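J.: Structure provided below as structure tokens; questions to follow.
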Amino acid sequence: MSNSYILKRVAYGLILMLCVVVLNFLLIRLAPGDPAVVIAGEMGGATEEMLEQIREEYGLNKPILTQLAIYIGNVATGDLGESFFFNKPVAELISQRIGPTILLVIVAQILSIFLGVFLGVLAARKPNGVMSAFVSVFATIGYAVPVFWTGIMLIILFASVLPIFPVEGMQSVRLRDAPWYVQTIDVAHHLVLPAFTLAVIYLAQYARLSRASMLEVLGSDYIRTARAKGASERTVLFHHALRNAALPILTVAGLQFGNLISGALLVETVFNWPGMGRLAFDSILRRDYPTIMGVLFFASAMVVVANLLTDLSYRLADPRLRGRT
Amino acid sequence: MSTPKPTPQKAPQMPADTTDAATDAAAQFVARYQAESPAREAWRMFRRNIPALVGTAMLLLIIGLTLYGTLIYTGDPFDIVWAPHEAPFVEPDFPLGTDYLGRDLMAGLLSGGGPTLAVGAAAAALTMIIGISMGALSGFYGGWVDNLLMRITEFFQVLPALLFAMVLVTLFSPSLITIAIAIGVVSWPQTARLTRAEFLKIKELEYVTAARAIGAGNGRIMWRVILPNALPPLIVSATLTIGVAILFEAGLSFLGLGDPNVMSWGLMIGANRDYILDAWWPVTFPGLAIFFTVFSVSLIGDGLNDAFNPKLRER
């Protein structure tokens, strides 16, 4: 893989992020009312001094293009403004919350891809078998269930009927001072339900997709060759077929990342997971716009990074694409 | 698939000349298949698809209940009419019980479907309008137009849809119209990509060249020649878009970003979520309602997909 290709992709990602910043700026300007009041938060009851301070900081008395330049400059230096609710810089608030969100999203993504592909491969072995029917039905149901409702149903189940998983938060208060390995297990224990809830929708989609993709590959000549030379069924399925069937799955996994973050927003709210989604929800209720815009910026940045990684791993997985720019 | 053979009785009988009879039968056979338009053929396939028919019946029932249910089962869903948390299937006057404030859940369920379905349909329509326009222009003109529109599409795909919709709804005060617009604005990119792919494929076909040869302009070729031929996959995608839009509306109302003065299924779940450990029913019934609505829509979508692509049925 050539370095110039990577550089080009990174530059493109940065341009996309610049566009997000411009969009944030436009959204604040387009909102009805005085932008200074909007930034201060309508529920905050901002004093005239605070408004004056905001006008000064964002240059709201200057021409609009100057304002945009100031805003971009602020973001570029890591200054995303100040949350007047928390009385803290937005960047600091988000840096506390971004970890739990990344953890939740990545674990859910891995869980859904691995389980989904596994189910899909099993189903593809017998296109008209029970497993295939199960995958189809499961995929249709998974698509139709609202993710926040799945979470609530799981909470009802695991809080009253089968209390084996915690249904709220990320850590137990009583284990705050425990050694690191106890805390890790505690977080993993808290992660089970939120991650599973988030994974269920996508799991069904990956199962359906990998089944279709495997069926297409299993019909090709080299699979017949592999079978003819006496390779075991497992080798044929997982070694020969899956490597080629994996490409469309990888593409979809990259495209799904944005949806996964949207889903995480709802799941975090349901399970009180202390991530960015929970922060966004709280901030929206308080009309804390600097924080909301900061979350939008960072969530988009996560999607840009995920797309970049997908693109690069696609090239690693498909030798035919290597060397092309 | 088996097709009923043309009945020989109806063919003109000319036993003296067998070649004529054979030509006749062949002509009739050809006529039979020429007479069937693609839409009619798709309908014939759809009619035989049992899950799709079940989905259609289910959706019609849900639409009927939300349109006419409140005429028979009257009562304001916001009124406090009974003790809080009455269990379902106990009190005949309140068949589904009451919520944490003592509001009738049956009334909420019947009147809450209307906004959800209306917003879902309006948002899906907007998604299709934006997506098809962007995709069609992009695929048809190519070059810098394609480049520009596809960059815009990619930009919108980078923004997490629900978060962006939340921001839009909060900035412009929540109402059914703002919500529908917000959902439409965030969810068109996939439709645009699909339309573009179809236009790229179809614009190279001979009948498009033929249309140009007889003097059809760009607009006519795009909307009257290419678009009708690109419709089958777009109709399927529109069905799925309705399902996604309904889930979106439910998610926003659940978060409390819906119109607070309009009862909706998502709002019912959101309002009752703090009390789920005291009473399971106020959140369970609206959730089931959302599920069955989206499920029926997706059964119809799958059925349409099979009907338009008979070849895919073997998979």
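J.: Of all residues in region A:166-188 being surrounded by 17 or more Cβ atoms within 10 Å (Cβ to Cβ) and in a loop (DSSP other than H, G, I, E, B), which is nearest to the other protein chains (Cβ to nearest Cβ)? Spell out the reasoning first.
T.: In the first step, residues of region A:166-188 are kept if they are surrounded by 17 or more Cβ atoms within 10 Å (Cβ to Cβ); the result is A:166-167, A:170, A:186.
Narrowing the set further to residues that are in a loop (DSSP other than H, G, I, E, B) leaves A:166-167, A:170.
Details: A:Pro166: 14, A:Val167: 9, A:Met170: 19 Å.
Across region A:166-188, the extreme among qualifying residues is A:Val167.
J.: Could you give me the residue pairs with C-beta distances under 6 Å whose first residue belongs to region B:125-139 and is more than 13 Å from B:Glu198 (Cβ to Cβ), whose second residue is among the aromatic types (Phe, Trp, Tyr) and at pLDDT below 95 wherever it lies, and which are 6+ apart or on separate chains?
T.: Cβ pairs passing all conditions: B:Thr127/B:Trp188; B:Ile130/B:Trp188.
J.: Go through (1) within 30 Å of B:Met268 (Cβ to Cβ); (2) modelled with pLDDT of 90 or more and name the single condition A:Gln109 misses.
T.: The one condition A:Gln109 does not meet is (1).
J.: Would you check which residues across region A:260-284 are without any contact (Cβ under 8 Å) to a residue 60 or more places away in the chain and either more than 7 Å from chain B (Cβ to nearest Cβ) or touching a His at 6+ places or on another chain (Cβ under 7 Å) (or both) and list them?
T.: The first filter runs over region A:260-284 and keeps only residues without any contact (Cβ under 8 Å) to a residue 60 or more places away in the chain, leaving A:262, A:265, A:280-282, A:284.
Within region A:260-284, just A:Asp282 meets the criteria.
J.: Of all residues being away from chain B (no Cβ under 14 Å) and in a helix (DSSP H, G or I) in region A:126-165, which is surrounded by the fewest Cβ atoms within 10 Å (Cβ to Cβ)? Just the residue, please. Spell out the reasoning first.
T.: Of the residues in region A:126-165, the ones away from chain B (no Cβ under 14 Å) are A:130-131, A:134, A:164-165.
Narrowing further to those that are in a helix (DSSP H, G or I): A:130-131, A:134.
Numbers: A:Val130: 9, A:Met131: 18, A:Phe134: 14.
By that ranking, first place goes to A:Val130.
J.: Can you report the number of residues in region A:256-291 which are among the basic types (Lys, Arg) and surrounded by 24 or more Cβ atoms within 10 Å (Cβ to Cβ)?
T.: Summing the residues that are among the basic types (Lys, Arg) and surrounded by 24 or more Cβ atoms within 10 Å (Cβ to Cβ) in region A:256-291 gives 0.
J.: In addition: In region B:188-205, is there at least one residue being within 12 Å of another protein chain (Cβ to nearest Cβ) and more than 27 Å from B:Trp43 (Cβ to Cβ)?
T.: As a first pass, look at region B:188-205 and keep what is within 12 Å of another protein chain (Cβ to nearest Cβ): B:189-190, B:193.
Still in the running and more than 27 Å from B:Trp43 (Cβ to Cβ): B:189, B:193.
Checked against the condition, which is being within 12 Å of another protein chain (Cβ to nearest Cβ) and more than 27 Å from B:Trp43 (Cβ to Cβ), region B:188-205 yields at least one hit.
J.: Given the conditions (1) under 24 Å from A:Gln109 (Cα atoms); (2) within 14 Å of another protein chain (Cβ to nearest Cβ); (3) of a type outside the set (Val, Ile, Thr); (4) assigned to a helix (DSSP H, G or I), which single one is not true for A:Leu191?
T.: (2)
J.: Same structure again: Would region B:65-72 turn up any residue that is closer than 18 Å to B:Val262 by Cβ, part of a loop (DSSP other than H, G, I, E, B) and not acidic (Asp, Glu)?
T.: no
J.: Continuing with this model, one more query. Take A:Val105 and decide whether it is buried (at least 19 other Cβ atoms within 10 Å of the Cβ), within 30 Å of A:Gln171 (Cβ to Cβ) and under 26 Å from the mean Cα position of the chain (by Cα).
T.: On the way: buried (at least 19 other Cβ atoms within 10 Å of the Cβ): yes; within 30 Å of A:Gln171 (Cβ to Cβ): yes; under 26 Å from the mean Cα position of the chain (by Cα): yes.
In short, yes.
J.: Could you count how many residues in region B:263-277 are assigned to a helix (DSSP H, G or I), over 14 Å from A:Thr269 (Cα atoms) and without any contact (Cβ under 8 Å) to a residue 40 or more places away in the chain?
T.: 0
Rundown of residues vs (1) more than 14 Å from B:Gly108 (Cβ to Cβ); (2) among the acidic types (Asp, Glu); (3) within 8 Å of chain A (Cβ to nearest Cβ), yes/no style:
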site	(1), (2), (3)
B:Gly256	yes, no, yes
B:Ala271	no, no, no
B:Asp278	yes, yes, no
B:Thr284	no, no, yes
B:Gly287	no, no, yes
B:Ile290	no, no, yes
B:Val294	yes, no, yes
B:Gly301	yes, no, no
B:Ala307	yes, no, no
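J.: Only residues in region A:301-315 that are within 20 Å of A:Val20 (Cα to Cα) count as the first member; pair them with residues that are at pLDDT below 85, Cβ under 8 angstrom, at least 6 apart or cross-chain, and list the lot.
T.: Once the first residue is within 20 Å of A:Val20 (Cα to Cα) and sits in region A:301-315, its partners that are at pLDDT below 85 give A:Met302/A:Phe257; A:Val303/A:Phe257; A:Val303/A:Gly258; A:Ala306/A:Gly254; A:Ala306/A:Phe257; A:Asn307/A:Gly254; A:Asn307/A:Phe257; A:Leu309/A:Gly254.
J.: Only one residue in A:Met170, A:Met153 is touching a residue at least 12 places away in the same chain (Cβ under 8 Å) and among the aliphatic types (A, V, I, L, M), so which one is that?
T.: Just one listed residue meets the conditions, A:Met170.
J.: Can you tell me which condition B:Leu299 does not meet? The list is (1) in contact with a Leu (Cβ under 7 Å, 6 or more places away or on another chain); (2) assigned to a helix (DSSP H, G or I), and all the others hold.
T.: (1)
J.: In the same structural domain as A:Thr310 (by TED's automatic domain parsing), surrounded by 18 or more Cβ atoms within 10 Å (Cβ to Cβ) and within 20 Å of the chain's Cα centre (by Cα): does that describe A:Leu242?
T.: It is false that A:Leu242 is in the same structural domain as A:Thr310 (by TED's automatic domain parsing), surrounded by 18 or more Cβ atoms within 10 Å (Cβ to Cβ) and within 20 Å of the chain's Cα centre (by Cα).
J.: Which residues, taken from region B:186-213, are outside any helix (DSSP H, G or I) and either without any contact (Cβ under 8 Å) to a residue 60 or more places away in the chain or in contact with a strand residue (DSSP E or B) (Cβ under 7 Å, 6 or more places away or on another chain) (or both)?
T.: B:Glu204, B:Leu205
J.: Scanning for something within 22 Å of B:Phe172 (Cβ to Cβ) and either in a helix (DSSP H, G or I) or within 14 Å of chain B (Cβ to nearest Cβ) (or both), does region A:96-106 turn up at least one residue?
T.: The first filter runs over region A:96-106 and keeps only residues within 22 Å of B:Phe172 (Cβ to Cβ), leaving none.
No, because not a single residue in region A:96-106 is within 22 Å of B:Phe172 (Cβ to Cβ) and either in a helix (DSSP H, G or I) or within 14 Å of chain B (Cβ to nearest Cβ) (or both).
J.: Right, something else. Check region B:152-174 and report whether any residue there is away from chain A (no Cβ under 14 Å), surrounded by 15 or more Cβ atoms within 10 Å (Cβ to Cβ) and either assigned to a helix (DSSP H, G or I) or of a type in the set (A, V, I, L, M) (or both). If you could, list the steps in order and put the result at the bottom.
T.: Start the filter on region B:152-174 by keeping residues that are away from chain A (no Cβ under 14 Å), which leaves none.
No, that holds for no residue.
Residue-by-condition table, conditions (1) more than 14 Å from chain A (Cβ to nearest Cβ); (2) part of a helix (DSSP H, G or I):
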site	(1), (2)
B:Gly184	yes, yes
B:Gly215	yes, no
B:Gly219	yes, yes
B:Pro228	yes, yes
B:Ile242	no, yes
B:Ile246	no, yes
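J.: Going through region A:7-34 one residue at a time, which ones are surrounded by 13 or more Cβ atoms within 10 Å (Cβ to Cβ), at the interface with another protein chain (Cβ under 9 Å from one of its Cβ atoms) and either outside any helix (DSSP H, G or I) or basic (Lys, Arg) (or both)?
T.: If the condition is that a residue be surrounded by 13 or more Cβ atoms within 10 Å (Cβ to Cβ), at the interface with another protein chain (Cβ under 9 Å from one of its Cβ atoms) and either outside any helix (DSSP H, G or I) or basic (Lys, Arg) (or both), then A:Ala31 is the only one that fits.
J.: Within region B:245-262, is even one residue among the acidic types (Asp, Glu) and buried (at least 24 other Cβ atoms within 10 Å of the Cβ)?
T.: We begin by selecting, within region B:245-262, every residue among the acidic types (Asp, Glu); these are B:249, B:259.
Applying the additional criterion that residues be buried (at least 24 other Cβ atoms within 10 Å of the Cβ) yields B:249.
Yes, region B:245-262 contains at least one residue that is among the acidic types (Asp, Glu) and buried (at least 24 other Cβ atoms within 10 Å of the Cβ).
J.: Does any residue in region A:74-86 that is more than 14 Å from A:Phe25 (Cα to Cα) come within less than 6 Å, Cβ to Cβ, of a residue that is assigned to a strand (DSSP E or B) and of a type outside the set (D, E, K, R) six or more places away or on a different chain, and which pairs are these?
T.: What qualifies is A:Glu82/A:Pro89.
J.: Looking at B:Ile179 and the list (1) closer than 22 Å to A:Gly277 by Cβ; (2) within 13 Å of chain A (Cβ to nearest Cβ); (3) β-branched (Val, Ile, Thr), which single condition is not satisfied?
T.: It fails just one condition, (2).
J.: What is the one condition in (1) over 16 Å from B:Ala125 (Cα atoms); (2) touching a Ser or Thr at 6+ places or on another chain (Cβ under 9 Å) that B:Gly243 does not satisfy?
T.: (1)
J.: Name the one entry in B:Ala192, B:Ala211, B:Ala238, B:Ala182 that is within 25 Å of B:Thr56 (Cα to Cα), touching a helix residue (DSSP H, G or I) at 6+ places or on another chain (Cβ under 7 Å) and hydrophobic (A, V, I, L, M, F, W, C).
T.: Exactly one residue qualifies, and that residue is B:Ala238.
J.: Tell me whether region A:51-74 contains one or more residues that are under 29 Å from B:Pro174 (Cα atoms), small (Gly, Ala, Ser) and more than 27 Å from the chain's Cα centre (by Cα).
T.: Looking through region A:51-74, none of the residues is under 29 Å from B:Pro174 (Cα atoms), small (Gly, Ala, Ser) and more than 27 Å from the chain's Cα centre (by Cα).
The values are calculated or read from the model by the stated rules, or taken from the named source; none is laboratory data. Just so you know, these numbers come straight off a predicted model, no measurement behind them. With ideal geometry, Cβ positions are generated from the backbone for all residues, glycine too; neighbour counts draw on all protein chains shown.
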